[in-house]
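The values are calculated or read from the model by the stated rules, or taken from the named source; none is laboratory data. Computed from a prediction, not measured in an experiment: that's the story for all the values here. A quick note on method: Cβ atoms are made from the backbone with ideal geometry, for glycine too, and the neighbour counts reach across all protein chains shown.
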Amino acid sequence: MSTKTGLDLPKDVASAPEPATRAAGPARVIILGNEKGGSGKSTVAMHIIVGLLRAGHRVGSIDVDSRQATLTRYLENRATVAENKGYPLPLPEHRLVMRSDNNADEDAERFNQALDVLSRSCDVVVIDTPGSDAPLSRLAHSYADTLVTPMNDSFVDLDLLAKVDPETFKVICPSAYAEMVWDQRKKRMARDGRTVDWVVVRNRLSSMDTRNKRNMETVLNSLAKRIGFRTAPGFGDRVIFREMFLSGLTLLDLRETGTRMTMSHIAARQEVRDLLSAVVMGPAPVAAPA
């Protein structure tokens, strides 16, 4: 049985060693997926990208949400700031896959070409998908080694994954997005015999022990066993995460930019490190027995 190894992440991801030599074989594909907007997909994607770059990995990125193109604009802002201010900010090899109006086959071909090129030159390819159901998004999901689904810690967002009894909090059935992920996991298994490591990231998680937080945890634990994902803590509801988009920065760039560290910066950066550890060092997909 062959295995696809995980990626090493230094304790201090703020350091930036020389890129590691790429191991033989295709790149590991990390998909950011959630059909609900405002869940923090692009912010999480950007921090994963920068964390891996600073860990010495060769990173490619693909944006299949050509309508919003949030990750693309985030990276454009980063490149502009790096050039104008002389900050040593690492950047991935990026592709924006444009969506046509009525030719899904052409869209799929453009996506496959972008993924093929990047997987030949990179250790990891991070793909940001739209907050809606779309053919390109479904196709991208079918290539995931790791699927990261950020969601705000509320039952409004949880409804995307499952229908829940309002009185008992029992899971009634999976919802549309969970069923879509299940279908794409089957396609991945049929294509190359590999599984998908699905990580549901709880964003805007309260630091206080609230009833909502406990109920969410109970439901997620039950649902995780039923449809096959693991959970990880995400980012708190901090203004700092929303402020960095225009500058193209992440919490991992503070030293290079000379930012004066506050307690909020330190706490937020630890959240980033915890998320990177959960996503990067988690279970890696393995090939099915021959």
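Values as computed for the structure displayed
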item	result
Top-ranked residue in the stretch 66-86 [being part of a helix (DSSP H, G or I) and of a type in the set (Gly, Ala, Ser); ranked as surrounded by the most Cβ atoms within 10 Å (Cβ to Cβ)]	Ala82
Leu89 being in contact with a helix residue (DSSP H, G or I) (Cβ under 6 Å, 6 or more places away or on another chain) and surrounded by 18 or more Cβ atoms within 10 Å (Cβ to Cβ)	yes
Residue that is surrounded by the fewest Cβ atoms within 10 Å (Cβ to Cβ), among those in the stretch 116-132 that are acidic (Asp, Glu) and under 22 Å from Ala232 (Cβ atoms)	Asp123
Residues of the stretch 94-122 satisfying the condition of being assigned to a helix (DSSP H, G or I) and touching a Ser or Thr at 6+ places or on another chain (Cβ under 7 Å)	Glu106, Asp107
Helices (runs of 4 or more DSSP H) (entirely within the stretch 191-290) containing at least 3 residues that are within 19 Å of Ala45 (Cβ to Cβ), under 21 Å from the mean Cα position of the chain (by Cα) and at pLDDT 85 or above	263-280
Residues that are in contact with a strand residue (DSSP E or B) (Cβ under 7 Å, 6 or more places away or on another chain), surrounded by fewer than 18 Cβ atoms within 10 Å (Cβ to Cβ) and among the basic types (Lys, Arg), drawn from the stretch 195-233	Arg226, Arg230
Single residue of the stretch 178-187 satisfying the filter (among the hydrophobic types (A, V, I, L, M, F, W, C) and in contact with a strand residue (DSSP E or B) (Cβ under 9 Å, 6 or more places away or on another chain)) that is surrounded by the fewest Cβ atoms within 10 Å (Cβ to Cβ)	Trp182
Residues that are of a type in the set (S, T, N, Q) and in contact (Cβ under 8 Å) with a residue 40 or more places away in the chain, drawn from the stretch 149-199	Thr149, Asn152, Ser154, Gln184, Thr195
Matching strands (runs of 3 or more DSSP E) fully within the stretch 133-177 where at least 2 residues are surrounded by 13 or more Cβ atoms within 10 Å (Cβ to Cβ) and among the hydrophobic types (A, V, I, L, M, F, W, C)	146-152, 162-164
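Per-residue answers, yes or no, for (1) of a type outside the set (A, V, I, L, M); (2) at pLDDT 95 or above:
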site	(1), (2)
Pro17	yes, no
Gly25	yes, no
Ala69	no, no
Tyr87	yes, no
Leu91	no, yes
Arg99	yes, no
